[in-house]
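The values are calculated or read from the model by the stated rules, or taken from the named source; none is laboratory data. Just so we're clear, the structure is a prediction, and the values are computed from it rather than from any experiment. We place every Cβ from the backbone using ideal geometry, glycine too, and count neighbours over all the protein chains shown.
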Amino acid sequence: MAKIKAGILSKVSGKVAGVVGATWKGQNYLRELVKPSNPNTALQQAQRGLMSAVVKCARNYSGDVFKPYLDKFLKNMSGYNWFVKENIKKFNGTDNALTSALAFAFGNGQACKALLNDNGGAYPLVSLADTAFTVPAGTTITCVAVAWNDTKGQALVAAKTENGSGTADTVLDAPSEYGWSASDKVSVGAFYAYLDSNGVVQALSPSIQAFITIS
């Protein structure tokens, strides 16, 4: 049922007969009521599967990755939306279905030197080799490592901060109770950010992405 707020020429909300009233950016308007077509084609179902998969992943990183490291660098979208846009085609809508490694960050900074799984097992899951990283004096460097196990729907984030220009590395462990195995499809990413003397993130490196095999 439509509701008239203050006269027929003022704000109208809801629908009546074939007309819908609403407000957009402070402007009141009326439009024809159109029922959207939803043929539920195979292509539509596939796209919905992609969206469901990438959203399931993205929800795990909103507070730990997107908010502190990405949001301030994006003008027209959130870090969450950027991640969905950049990575949606890297899923195929089913479990254990990543087609390529995920991107978690962007920028022109220096990238991490290596992603290693060098102890012959799952622990540590990934170790980042020390990498020289030149930043202005009086800053701190933060190395952020992230992992997504698409098979089990589990996420990991680890960050390590060191003072001054130099190196930063971090280790990302998959807890034993997670039960990650070599048959799981896992994407690992890492990037650097640095903080100025006021604790404000100033730069990001592009994320390194890789698939790993857990022995």
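Which of the strands (runs of 3 or more DSSP E) found entirely inside the stretch 4-113 contain at least 3 residues meeting this: modelled with pLDDT under 70 and under 30 Å from residue 192 (Cα atoms)? Give the steps one after another, and end with the answer.
Working: elements: 12-16, 19-24, 27-32.
Strands (runs of 3 or more DSSP E) meeting the threshold: none at all.
Kindly check whether there is at least one residue in the stretch 162-180 that is within 30 Å of residue 42 (Cβ to Cβ) and modelled with pLDDT under 80.
So in the stretch 162-180, the residues within 30 Å of residue 42 (Cβ to Cβ) come out as none.
No, the conditions are met nowhere in the stretch 162-180.
Which of the numbered conditions does residue 155 fail, given that it passes all the others? Conditions: (1) over 15 Å from the mean Cα position of the chain (by Cα); (2) modelled with pLDDT of 80 or more; (3) under 18 Å from residue 64 (Cβ atoms); (4) not β-branched (Val, Ile, Thr).
Going through the list (1) over 15 Å from the mean Cα position of the chain (by Cα); (2) modelled with pLDDT of 80 or more; (3) under 18 Å from residue 64 (Cβ atoms); (4) not β-branched (Val, Ile, Thr), residue 155 breaks only (1).
Inside the stretch 201-215, can you point out the residues that are under 19 Å from residue 67 (Cβ atoms) and either modelled with pLDDT under 70 or in a strand (DSSP E or B) (or both)?
Within the stretch 201-215, the subset under 19 Å from residue 67 (Cβ atoms) is 201-205, 207.
Answer for the stretch 201-215, where residues must be under 19 Å from residue 67 (Cβ atoms) and either modelled with pLDDT under 70 or in a strand (DSSP E or B) (or both): 201, 202, 203, 204.
When you look at residue 184, is it at pLDDT below 70 and among the acidic types (Asp, Glu), yes or no?
Working: at pLDDT below 70: no; among the acidic types (Asp, Glu): yes.
Criteria not met by residue 184.
Is there a residue being touching a residue at least 24 places away in the same chain (Cβ under 8 Å), closer than 28 Å to residue 151 by Cα and in contact with a Leu (Cβ under 6 Å, 6 or more places away or on another chain) anywhere in the stretch 51-58?
So in the stretch 51-58, the residues touching a residue at least 24 places away in the same chain (Cβ under 8 Å) come out as 51-58.
So of that shortlist, the ones also closer than 28 Å to residue 151 by Cα come out as 51-58.
Cutting the leftovers down to in contact with a Leu (Cβ under 6 Å, 6 or more places away or on another chain) gives us none.
Among the residues of the stretch 51-58, not one is touching a residue at least 24 places away in the same chain (Cβ under 8 Å), closer than 28 Å to residue 151 by Cα and in contact with a Leu (Cβ under 6 Å, 6 or more places away or on another chain), which makes the answer no.
Give me the residue from the stretch 51-63 that is among the aliphatic types (A, V, I, L, M) and surrounded by fewer than 19 Cβ atoms within 10 Å (Cβ to Cβ) and, out of that set, nearest to residue 157 (Cα to Cα). First the steps, then the outcome.
So in the stretch 51-63, the residues among the aliphatic types (A, V, I, L, M) come out as 51, 53-55, 58.
Subsequent filtering for residues that are surrounded by fewer than 19 Cβ atoms within 10 Å (Cβ to Cβ) retains 51, 55.
Working: 51: 22, 55: 17 Å.
Result: 55.
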